[in-house]
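The values are calculated or read from the model by the stated rules, or taken from the named source; none is laboratory data. These numbers come from a predicted model, not from an experiment. Cβ atoms come from the backbone with ideal geometry, glycine included; neighbour counts cover every protein chain shown.
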Amino acid sequence: MAAPTVRSVFMGPRLRRLRRELGLTQADMATDLDISAPYVALLERNQRPVTADMLLRLARTYKINLADLAGDGGADHAARMQAVLKEPMFADIDIPPLEISDIAIGYPGLAEAFLRLYTAYREEQLALADRSGAGLSDAAISGGGLDVGDPVAEVRRFLAARRNNFADLDDAAERIAHGPVNPGWFIARLKSRHNLHVRQLPPDIMVGAVRRLDHHRRQILFDDSLDNASFNFQLAQQLAYLEFSDEIETALKAAHFTTPNGKLLAQRSLASYAAAALIMPYSAFAKAAETRRYDVEALARQFGTSFEQTAHRITTLQKPGAERVPFFLVRVDPAGNISKLLDGAGFPFAKHGGGCPLWSVHGVFKTPRQIVTQWLELPDGQKFFSIARTVTAGGGSFKAARVERAIAIGCAAEHAGKLIYTRDETGPRADAPTPVGVACRVCHRPTCAARSELPIGRELLPDDYRRLSVPFGFSSD
């Protein structure tokens, strides 16, 4: 295997950290490397670059992998910082990309601290928005609010604050899987790396479980009624629990959960994320998504995944430095209950109460398995484009329980031209979208016939001399 390409880099803090981890003084390291102690000091203060020759010396002397030592020059931290610094709150601060790169390369610890602090800030802002949206008082907000102890709300904030992207898990997955993988690949790896045999058994023997790890007999049992996409995903998720535990635990440590259930749900979400990253590796999937113009069904065929698995993966394509179209995703049942919510596109989902019945995601149950496209316009003028379709969970045998749900993914109107679903459109459809609201209580459109509640802060008009065609007549002033 060819040696990795190396170049002169400034890596003072990284070199200092290495020296301290080895328990060496500057004089000790200078002796080991056959250089002077003052030169080591200059290297650690970034007053001299670490040359390719010096990297090789370090690698040989301390038995360190050259690629790990050279690293990426802080490229990952730099990309993440550049993404964060695009936020409106930093709009008045002009920080050239070179300065960001200097900080990321020269002070990786400081860069990581900045990124952790920003992520914590985002989580708190999302929590505050949730509580304010519920109409809580300042005292209730400061005291914890409505969703304290709500593990689902905690996990949604955890994912939203990170734009539903975990680059470390993507990188770990790509180290072992570079393209689409099938069940045979997972079965072979589980056998060779973990000495675990895979068995598929009938549902009555599995007693309600779809997957079970039996350490004593060194086997993993699966429900044999799973379809291929679900079987592949369950294999990938089990492998993720076995091989990505460190990356998952690191991601969890960077968050704050008030409930054990919240942390457990987040752990499950990360294992599912890693499973998707194994089946649909980031680089290969992102390239295919752009090539196929985000055609969910075509991508599902290419990667051997279900519609929902593929739609979910599309929402994760926000790796810093390799971002694609930002999408949101919502999954609802026929009663309108939200069971999955991922927002990477800034869509203002209703945090409390029902959504808007005019959105097609609530109507696709009438046309199972058919994709329905729709342009949406919110009361504040924001426009989005969404596609919706039903999906089925369960089944697999006669009388087996099935659950029908609807999935919708969408993006801001400015990105809609990159989607295959808008390719053949003619006319001003984007200019005449469906007027929707977040929820009836916060939507002030006076002519909506689908309204179920009076908007907050509006007085109902009497109907003793005039009855309007809408359910609730109120002043539009």
Here's a check for you: in the range 24-53, which residue that is among the polar types (S, T, N, Q) and over 9 Å from Gly12 (Cα atoms) is surrounded by the most Cβ atoms within 10 Å (Cβ to Cβ)? Gln26
For the range 291-315, which positions are part of a loop (DSSP other than H, G, I, E, B), hydroxyl-bearing (Ser, Thr, Tyr) and either under 18 Å from Asn232 (Cα atoms) or without any contact (Cβ under 8 Å) to a residue 24 or more places away in the chain (or both)? Thr305, Ser306
Please specify each residue of the range 287-315 satisfying the condition of being crowded, with 22+ Cβ neighbours inside 10 Å and more than 25 Å from Val403 (Cα to Cα). Ala289, Tyr294
For the range 52-67, indicate whether the set of residues that are out of contact with any strand residue (DSSP E or B) (no Cβ under 7 Å at 6 or more places or on another chain), closer than 25 Å to Asn165 by Cβ and at pLDDT below 80 is non-empty. yes
Residue selected from the range 316-328 under the condition out of contact with any Lys or Arg (no Cβ under 7 Å at 6 or more places or on another chain) and either of a type outside the set (Val, Ile, Thr) or without any contact (Cβ under 8 Å) to a residue 24 or more places away in the chain (or both), by the criterion surrounded by the most Cβ atoms within 10 Å (Cβ to Cβ): Phe327
Restricting the search to the range 339-361, which residues are under 20 Å from Pro326 (Cβ atoms), at pLDDT 85 or above and in a loop (DSSP other than H, G, I, E, B)? Phe347, Trp359
Of all residues being part of a helix (DSSP H, G or I) and crowded, with 18+ Cβ neighbours inside 10 Å in the range 423-449, which is modelled with the highest pLDDT? Just the residue, please. Cys440
Selection within the range 181-233 - within 16 Å of Ala276 (Cα to Cα) and touching a helix residue (DSSP H, G or I) at 6+ places or on another chain (Cβ under 8 Å): Val181, Asn182, Pro183, Phe186, Asn228, Ala229, Phe231, Asn232, Phe233
Quick one: in the range 367-386, of everything that is among the β-branched types (Val, Ile, Thr) and free of Cβ contacts under 8 Å to residues at least 60 places away in the same chain, which residue is farthest from Tyr421 (Cα to Cα)? Thr367
Can you report the number of residues in the range 366-381 which are surrounded by 14 or more Cβ atoms within 10 Å (Cβ to Cβ) and either in contact with a helix residue (DSSP H, G or I) (Cβ under 8 Å, 6 or more places away or on another chain) or not in a loop (DSSP other than H, G, I, E, B) (or both)? 7
From the list Arg451, Arg389, which residue is touching a Pro at 6+ places or on another chain (Cβ under 6 Å), under 20 Å from Cys356 (Cβ atoms) and among the charged types (D, E, K, R)? Arg451
